[in-house]
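The values are calculated or read from the model by the stated rules, or taken from the named source; none is laboratory data. If you're wondering where the values come from, they're calculated on a predicted model, not measured in any experiment. Here Cβ is always computed from backbone atoms with ideal geometry, including for glycine, and neighbour counts include all displayed protein chains. Accessible surface areas use protein heavy atoms only, side chains included; no ligands, DNA or RNA. Shrake-Rupley method; radii C 1.70, N 1.55, O 1.52, S 1.80 Å.
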Amino acid sequence: MGFRNFSCILSLAFLLHVNAVPEIMPATVVVDATVTVAETDDNYVCATLDWWPHDKCDYNHCPWGYTSVVNLDVSHPLLAKAIQAFRPLRIRVGGSLQDQVLYDVGNLGSPCHSFFKMKGGLFGFSKGCLHMDRWDALNNLFSKTGAMITFGINALRGRHKIKNKVWGGPWNFTNAHDFISYTITKGYKIEAWEFGNELSGTGVGASVSVDTYAKDVVKLKEIVDELYNDSNKKPSIMAPGGFFEQGWYAKLLKVTGPGTLNTVSHHMYNLGAGVDHHLIEHILDPNYLSKVSKTFSSLAQTIQQNGPWASAWVGESGGAFNSGGFHISDTFVNSFWYLDQLGMAAAYDTKVYCRQTLIGGHYSLLNTTTFVPNPDYYRHGALLWHRLMGKTVLGATTTASPYLRYYAHCSKGRAGITLLLINLSNNTDFIVKVRSSSNSKLNLQQSSHGASSFVNGLKRSISWVGSEATDGSLFREEYHLSPKDGDLQSKTMLLNGIQLQLTEKGDIPKLEPVRSRLSSPLYISSLSISFIVLPNFDSPACA
């Protein structure tokens, strides 16, 4: 778009506030780009495909439609285009019903039918079937789009309920063995095999003791080693895909030992039930959002102390559980929670973060009937994060109030750094300075001496890439996300004031930044989200 002058930036800020006159406050974000705080995987952003049938309902809403692994229209062109835009997208296939899935291969010894509602069944449903022609069709989609697949294996096959939610008995691995063998024979690429869904600790629908579970994780590893044999690309083993309970997770790592479990996965639904009337209040409360950092911190410590060979994944996270919040999880306001948690999880060395869901439920990234991207697809910034935020996490501090959330990474595929700035305040805009920590003695207060002083301060505090740079070549790229008409529950997403929508050919639109001189103030409007790319920022940790 070319450089924008001061008046253009002021105009953009005004457009984002057609109905309010917010207070304008200075803020400084100081970035330490000399040391790596943590690292994510190159493909950090992940989305899920679930097993829920169309008659899965919560709170008098049935938001799943025909989006199940077994009935999703995998030939729909918009589905392929949405996945391809990430080049590549990680997809985790799994969910609550995965421990009732039979794979229609080999000698099952029982009928293989679709899920149906059943009184007394796990989560109120019968066992279900994955036919191999359906598995073929799914893998055709995965191959065509370049998706990276994690598949959740049924870990309850052969077991029975002992009492309440506790299940016991030996795992019948024959069906899983035959399914993995079929997958290898067909040449389908699987990045990771995950064992069970939410069976850890006290469990959700069911639980398995850690000693029994750990023994079966070892068995799954043996199966994978046997079947893949000398394969150059052997899938990793992931578990337990449940809610973190420190003692259970620690023992799992100790019992399985080195060389078995590559990835420790856990689920996050820290906003509460989808029917909670305080969902929006929780999303916009920085103190509430920060509470979950204790889980990330404790998990990181547990892995370091008991299984440093393993890495951490968020295998499933939808904010609000039970399909998400009606007219909340599919509107702009939910983006504050999602992007903040992406940043927080990365800072605690989480390698991959899987969003519930790619399609299905209120938290779906794609419309469940038209497949047109919901505002979530853009609004949640998953695509922008994937394209802009590199895997190296940097340290940062700020002088601003807790309502300005901030995360710094090395930029992806280029020099410099990228900042994610989230303004949770409904009455405060921030004018932000970004500075290097290399000179901590400099005054951190906002300059009041005009643009010239602003640029001089930046020159003193930041070293620029390239020794021949002049004021004219110093710029930043800005991606400001906001809802249409300032309505937090809008389903229409604006990028730099321009509505995002598919092209006439059904393609994902280009996500273009505003390019601004560093001599112009950086405005972060109230109740908005911004990605700021600083290509000239001196960043030794990013080399």
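General observations
- Under the span-like rule (Cα at least 24 Å along the axis, Kyte-Doolittle mean at least -1.0), DSSP H helices of the chain: 210-228
- Value of relative contact order over the stretch 68-210, rounded to a whole percent, pairs C-alpha under 8 Å and six or more apart: 27
- Accessible area in square angstrom per residue, the chain, 1.4 angstrom probe: 39
- For the chain, the 222 nm mean residue ellipticity estimated from helices alone, with every DSSP H stretch of n ≥ 4 adding -39500 (n - 2.57) and the total spread over all residues, rounds to -7500 deg cm²/dmol.
- A 1.4 Å probe over all protein chains sorts 542, 46 by accessible area into 542, 46, starting with the largest.
- The loop-placed chymotrypsin sites (Phe, Trp or Tyr not before Pro) in the stretch 301-363, going by DSSP, that have at most 14 neighbouring Cβ atoms within 10 Å of their Cβ come out as 309.
- Residues whose amide H falls under 5 Å from that of residue 361, counting only those 5 or more places apart or on a different chain, are 64, with hydrogens built in the peptide plane.
- Convex hull per residue volume in Å³, alpha carbons only, for the stretch 114-185: 114
- The chain, relative contact order in percent, only Cα pairs under 8 angstrom and at least six apart counted: 21
- Residue 412 contributes an accessible area of around 60 Å² to the protein surface, as traced by a 1.4 Å probe with all chains present.
- Fraction in percent of alpha-carbon pairs per bin - 5 Å, the stretch 256-354: 2, 13, 24, 21, 16, 11, 7, 4, 2, 0
- The heavy atoms of residue 202 present about 90 square angstrom of accessible area, all protein chains included, probe 1.4 Å.
- Extension gain (nm, one decimal) between residue 162 and residue 35, 0.36 nm per residue minus Cα-Cα: 40.6 nm
- Taking 432, 35 and ordering them by how much accessible surface each has at a 1.4 Å probe, largest first, produces 35, 432.
- Of all accessible heavy-atom area on the stretch 196-290, the percent that carbon and sulfur account for (1.4 Å): 48
- Area of residue 278 that stays accessible when all protein chains are in place (1.4 Å probe, Å², to 10): 90
- Among the listed pairs 56/117; 294/351; 186/233; 81/144; 127/215; 127/221, those beyond 20 Å (Cα-Cα): 127/215; 127/221
- Computed 3J(HN,Hα) for the stretch 274-288, one whole-Hz value per residue from the Karplus formula 6.51 cos²θ - 1.76 cosθ + 1.60 where θ = phi - 60°, is x, 8, 4, 6, 9, 4, 5, 4, 4, 4, 9, 9, x, 5, 5, glycine and proline marked x.
- Residues with amide H under 5 Å from that of residue 492, placed H, sequence gap 5 or more: 484
- Counting only protein chain heavy atoms and rolling a 1.4 Å probe, the accessible areas of 119, 219 rank, largest first, as 119, 219.
- Summing Lys and Arg as +1 and Asp and Glu as -1 over all other residues whose Cβ lies under 14 Å from the Cβ of residue 298 gives a net charge of 0.
- Here the Karplus curve 6.51 cos²θ - 1.76 cosθ + 1.60, taken at θ = phi - 60°, turns the phi angles of the stretch 99-104 into couplings of 7, 10, 8, 9, 9, 7 Hz, with x standing for Gly and Pro.
- For the stretch 148-157, the Karplus equation 6.51 cos²θ - 1.76 cosθ + 1.60, evaluated at θ = phi - 60°, returns couplings of 9, 10, 10, 10, x, 7, 5, 9, 9, 4 Hz by residue, with Gly and Pro reported as x.
- With the charge dipole of the stretch 316-439 set up from +1 on Lys and Arg Cβ and -1 on Asp and Glu Cβ about the Cα centre, the Cα lying farthest toward the positive end among the listed residues 424, 385, 323 is that of 385.
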